[in-house]
Structures are given as C-alpha cells and as structure tokens.
Amino acid sequence: MFKISEERRRSFRFNLLIVVLLCIVCYVLFFASLGFITRHGQEIKVPDVTSRDVKSAKIMLEKMDFDVDVDSAYDPKAKPFVVLSQMPEVNAVVKKGRTVFLTINKAEPPLTPMPNLMNLSFRSASMILKSQKLMLGDTSYKPDIAKGAVLEQLYKGQPIRPGQMVPQGSRIDLVIGDGLGNTEFNVPDVIGMPYQEAATILGGTGLHFTTIWEGEITDSAAATVYNQSPKPMSELGAPNRIKEGDIIDIFIKQEATVEELEYNRNPTAVVE
C-alpha cells in the first residue's frame, strides 16, 4: 500500500494554509475597497441652479465635483442663458461625479409657423398659441354674427397669414366676434354707388358685406352697385332695419339703368 511521507504532508498543509490566507486577504481587500469603488458615503444633494446664468451654475456644480452637460430650449419669459431646468432635480441625493444635465434659455428665439386661428373660439386660439410658444397680445371685439370666434389675427398691428414664420414669444393680437350689436339702424342705401364708395360706407357702419359680381366687368372702379340685400326699403315702403355686425350682400354691374336702380331701391315705386 502506497504511503504519503511526512514531508509531503507538511508541504501540502503549508500550501493549503497559504491558499486560505490568500483567499482571506483577497476577501478583506475586496470589501475594504468596495466603498472606494462605489464611493459609498460620498452622496451629496444636488443644489438648485435654476434661474442662474449658465456660467455661475457650471462653476457651482463643478466645485462640488459634478460633471455638467448643457442643452438649450427657449422660454420667452426668461432671460437669455439662464438655467430653465435641471436633472437630477433639486435636493436629489446622488454620488459625487454624477452628471447634471442643464437646459438653458437660448439668446435668439427660434422661428415657428403662425397657426390658423380664424373662426376658432377664443379659448382654442389661446391654447394653440401657447402650444406654439406664441404669446396672446391685445384682444379686441367687433360686432359680428360669429360671437366668440376669431375674426382676425394680427402681428405688429398687421394681419398675418397662417404658415408665416414668426419668432417664438411673439405677441399675436386677436379680433373676436362680439355677436350682433345692440345698435339698430336703417339699412344703408348704396344702390347706384361705385363699388369702392359703397365698400367704404358699409365698413364704416360696422356691417360685413359680400360682393357678387355680375356680367362682364371691364373697370371695377367704375362698376356700380345695382342691387343689395337687404334692401333699403321694405315692400311696405318703410326703411328696413339692421344691427351692427350683420351681413349685407351687394350686387355689382359694370353699367345699370336708372329704372333698374330705382326699382331695386324701392320695389313699390312706380316706374313709367
């Protein structure tokens, strides 16, 4: 039977002891360095740098051993280059060396297309302006049958068409329909007038009008209003009444006879 010598036994026990000791040392070193590797005990709170300018915000964060990553957006109510938001949030507990993401305000506003607000309600128009990062400017009211609807959209006092590019943060003024006015008056008599003169008179009374061109028009400036609806006079010979914001149709011809004009003005008149 094969026997192991005493010398070999001692050598085996010695080697086994060395291995065990090495395992213990590695185990102790691993767990001793684990705190250093994971930076255990080095958690700090993220400071509040919102509303600061980006330069001072970066200096503050870097002094606290944070890395900083900067992106940009635009807020018309904030100053250029100030911090709009941060991630992680204020007072979040994180480890040193963590990256803090900052969103700063651009110096120049980006352009955005003007939305089509015509005929929308005031509330809907306001929400769309906000979503496009445009600001609601002055609101005025105008007698119109479409009460509460947007009649005009203005930028710097001038009408602006949908799709036109404007800077974000621009003020957009709205003209809103106020329903038919309480003021009632006789229907203006524009029969026999040149088109431009009739348009001026009707616009000055707060009425809306639609223009219907009939026949061949060779000179629009000299074309004549030969009929209108409602007419100035009723079939009983009394003046017709109309309210502010109501609509009147005017019919235009290049030439009209005196008899035609008189009949359209007063159907009860006797034409010889």
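Structure summary
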| item | result |
| --- | --- |
| Neighbour cut-off at most 11 other Cβ (10 Å), DSSP loop, GluC sites (Glu not before Pro), the stretch 37-99 | Glu89 |
| The chain - share of DSSP beta bridges that are antiparallel (%, nearest 5) | 60 |
| The stretch 99-184: antiparallel DSSP beta bridges as a percent of all, rounded to 5 | 65 |
| The chain - mean residue ellipticity at 222 nm from DSSP helices (-39,500 (n - 2.57) per run, n ≥ 4, rounded to 500) | -8500 deg cm²/dmol |
| Nearest-10 value in Å² for the accessible area of Tyr155, using the 1.4 Å probe | 50 |
| Length-normalised contact order for the stretch 50-136 - Cα pairs under 8 Å, 6+ apart - percent | 30 |
| The chain: angle of helix 54-63 to the longest principal axis, Cα-based, in degrees nearest 10 | 10 |
| Solvent accessible area, Å² - Thr200, 1.4 Å probe, full protein context | 100 |
| Global size of the chain as Cα Rg and Dmax, reported in angstrom | 41.1, 155 |
| For the stretch 71-187, the Rg and Dmax computed from alpha carbons only, in angstrom | 20.4, 81 |
| Loop-resident sites, the stretch 58-105, for trypsin sites (Lys or Arg not before Pro), counting at most 14 other Cβ within 10 Å (DSSP) | Lys77, Lys96 |
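The values are calculated or read from the model by the stated rules, or taken from the named source; none is laboratory data. Quick caveat, the model's predicted, so the values are computed rather than measured. Don't worry about glycine lacking a Cβ; one is built from the backbone with ideal geometry, like all the others, and counts go over all protein chains shown. The protein model used for the area step is the full one, side chains on, heavy atoms only, and it has no ligands, DNA or RNA in it. Shrake-Rupley method; radii C 1.70, N 1.55, O 1.52, S 1.80 Å.
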